[in-house]
Amino acid sequence: MIRLAIQSKGRLNEDSLRLLQDTGILVDDAKRKFLGKAANFPLEVLYLRDDDIPGVVADGAADIGIVGLNETAETGAPVRILRRLGFGRCRLSLAIPKSVVYPGRSWFEGRSIATSYPRILKKFLDENGIQAVIREIRGSVEIAPAAGIADAIFDIVSSGGTLVSNGLREVESVFVSEAVLIGRENLSPEKQALLSSLLFRVDAVQESRGKKYILMNLPTPQISKVLELLPAMRSPTIMPLAAEGWSSVHTVVEEATLWDTVEKLKEIGAEGLLILNLDIVVA
Ligand code: PRT
Ligand code: ZN
């Protein structure tokens with residue numbers, strides 16, 4: 001049995017559960033439950049506040065966890081970053097009142113900065129030789145300058161909307177974060193084997209995301225053009241059609257550039273394009 005800690009509610013909860021679901025592991029979405037058990041994999045799920053996850057994994061109360069890289073860095077817990085998971089993307093930035101002229105980092109010298117991330121902020125200030133007062137506050141950091149609590153803030157930014165609506169301006173982006181899968185050191189051979197099997201599935205899920213499966217018919221002489229057009233297409237499946245001089249080409253394409261690709265394929269004579277959702281790619 002391997003034990004995974006995930007956020008019980010909040011921004012990472014849904015994506016964490018979806019990742020498990022995509023790996024084919026069935027857990028009940030028991031938000032009010034503390035500990036759940038997967039129906040078809042030797043895995044327990046511990047639902048926690050995100051702040052507690054790195055410590056719980058480091059202590060061994062859980063073996064692995066899904067949490068923001070920001071929380072992992074802030075706690076300084078001795079855990080391994082096993083995988084970057086591509087959701088919960090954000091950054092930790094310094095922001096100042098928007099009316100203030102910003103000459104550069106030296107502006108922070110002698111100022112006070114409100115944050116829930118004192119450790120990451122201190123590292124940045126030390127690296128830049130800046131002496132500033134760190135005021136640690138939990139929650140609603142963005143109101144600190146208007147409330148006269150601090151001159152500036154150091155906080156999570158995603159769209160930037162919260163800063164704007166509080167009259168603040170992002171001036172330094174310090175730390176880039178996303179959800180990560182963390183693990184503790186020294187797993188037993190049994191747990192290590194379960195972790196390897198889980199990572200294998202996670203990698204397959206990640207590999208499949210943002211991709212589509214495309215099938216098309218093409219005049220056979222055009223096949224070399226299709227290979228030029230889709231350099232990512234390492235080994236497309238090419239099959240002759242019953243109609244003389246035509247082939248069927250099947251491959252995987254990136255969803256982000258799907259429509260550009262479709263247009264170009266049409267230009268070189270592709271017909272009967274079929275675009276399908278892709279469940280899993282196992283490399
Ligand atoms: O209850 P618990 O302690 O578990 O949750 P929490 O309230 O501490 O954390 P939660 O659920 O808000 O966030 C969990 C994690 O999601 C964070 O640690 C980050 O890794 C990640 N994440 C990604 C974010 C954001 N994006 C984000 N935008 N966490 C917080 N925010 C906040 C930000 O501070 C700002 O105040 O959302 C607000 C809106 O951001 P803008 O820039 O889009 O306006
Ligand atoms: Zn939290």
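What pairs come out if I take residues in the stretch 1-14 that are under 24 Å from Q192 (Cα atoms) and pair them with residues that are of a type in the set (V, I, T) and near ligand 1 (Cβ under 10 Å from one of its atoms) whose C-beta lies under 6 Å away, six or more apart or interchain?
What qualifies is A5/I53.
Being away from ligand 1 (no atom under 12 Å from the Cβ), more than 18 Å from T75 (Cβ to Cβ) and within 31 Å of the chain's Cα centre (by Cα) is the filter here; which residues of the stretch 131-143 pass it?
Here is the first cut: in the stretch 131-143, the ones away from ligand 1 (no atom under 12 Å from the Cβ) are 131-137.
Narrowing further to those that are more than 18 Å from T75 (Cβ to Cβ): 131-133, 135.
Of everything in the stretch 131-143, just one residue is away from ligand 1 (no atom under 12 Å from the Cβ), more than 18 Å from T75 (Cβ to Cβ) and within 31 Å of the chain's Cα centre (by Cα), namely R135.
Would you check which residues across the stretch 186-209 are part of a loop (DSSP other than H, G, I, E, B) and either in contact with a Gly (Cβ under 9 Å, 6 or more places away or on another chain) or not assigned by TED's automatic domain parsing to the domain that holds A77 (or both) and list them?
From the stretch 186-209, those part of a loop (DSSP other than H, G, I, E, B) are 186-188, 209; that's our starting set.
Across the stretch 186-209, the qualifying residues are N186, R209.
Restricting attention to the stretch 262-281, and to residues there that are among the small types (G, A, S) and under 14 Å from Q222 (Cα atoms), which single residue is least open to solvent (accessible area, probe 1.4 Å)?
Taking the stretch 262-281 and keeping what is among the small types (G, A, S), we get 269-270, 272.
In the following step, the residues that additionally are under 14 Å from Q222 (Cα atoms) were identified as 269-270.
Numbers: G269: 24, A270: 3 Å².
Per the stated criteria, the residue is A270.
Tally the residues that are under 20 Å from L258 (Cβ atoms) and either open to solvent by 60 Å² or more (accessible area, probe 1.4 Å) or at pLDDT 85 or above (or both), restricting the search to the stretch 224-234. Give the derivation first.
Of the stretch 224-234, the ones under 20 Å from L258 (Cβ atoms) are 225-234.
Then drop every residue that is not either open to solvent by 60 Å² or more (accessible area, probe 1.4 Å) or at pLDDT 85 or above (or both), which leaves 225-228, 231-232, 234.
Residues flagged as under 20 Å from L258 (Cβ atoms) and either open to solvent by 60 Å² or more (accessible area, probe 1.4 Å) or at pLDDT 85 or above (or both) within the stretch 224-234 amount to 7.
Filter the stretch 247-261 for residues that are open to solvent by 70 Å² or more (accessible area, probe 1.4 Å) and either part of a strand (DSSP E or B) or not aliphatic (A, V, I, L, M) (or both) and give the result. It would help to see each step written out before you state the result.
Let us first name the residues in the stretch 247-261 that are open to solvent by 70 Å² or more (accessible area, probe 1.4 Å), namely 254-256, 259-260.
Within the stretch 247-261, E254, E255, W259, D260 meet the criteria.
Among the strands (runs of 3 or more DSSP E) lying completely within the stretch 20-69, list those that include at least 1 residues that are at pLDDT 95 or above.
Output list reads 43-48, 64-68.
Note down all Cβ pairs under 8 Å where the first residue falls in the stretch 189-208 and is open to solvent by less than 40 Å² (accessible area, probe 1.4 Å), the second is in a helix (DSSP H, G or I) and not hydroxyl-bearing (S, T, Y), and they're at least six residues apart or on different chains.
V202/L19; V205/L19; V205/D22
Residues are listed down the side, and each one gets a yes or a no for (1) surrounded by fewer than 19 Cβ atoms within 10 Å (Cβ to Cβ); (2) among the acidic types (D, E); (3) over 22 Å from L121 (Cα atoms):
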position: L20; (1), (2), (3): no, no, yes
position: G24; (1), (2), (3): yes, no, yes
position: L35; (1), (2), (3): yes, no, yes
position: L46; (1), (2), (3): no, no, yes
position: D51; (1), (2), (3): yes, yes, no
position: A62; (1), (2), (3): no, no, yes
position: N70; (1), (2), (3): no, no, no
position: I81; (1), (2), (3): yes, no, no
position: G88; (1), (2), (3): no, no, no
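The values are calculated or read from the model by the stated rules, or taken from the named source; none is laboratory data. The model shown is predicted, which means the values in this text are computed figures rather than measured ones. Heads up, the Cβs are rebuilt from the backbone with ideal geometry, glycines too, and the neighbour counts pull from every protein chain shown. Note: areas computed on protein heavy atoms with side chains; ligands, DNA, RNA excluded. Shrake-Rupley method; radii C 1.70, N 1.55, O 1.52, S 1.80 Å.
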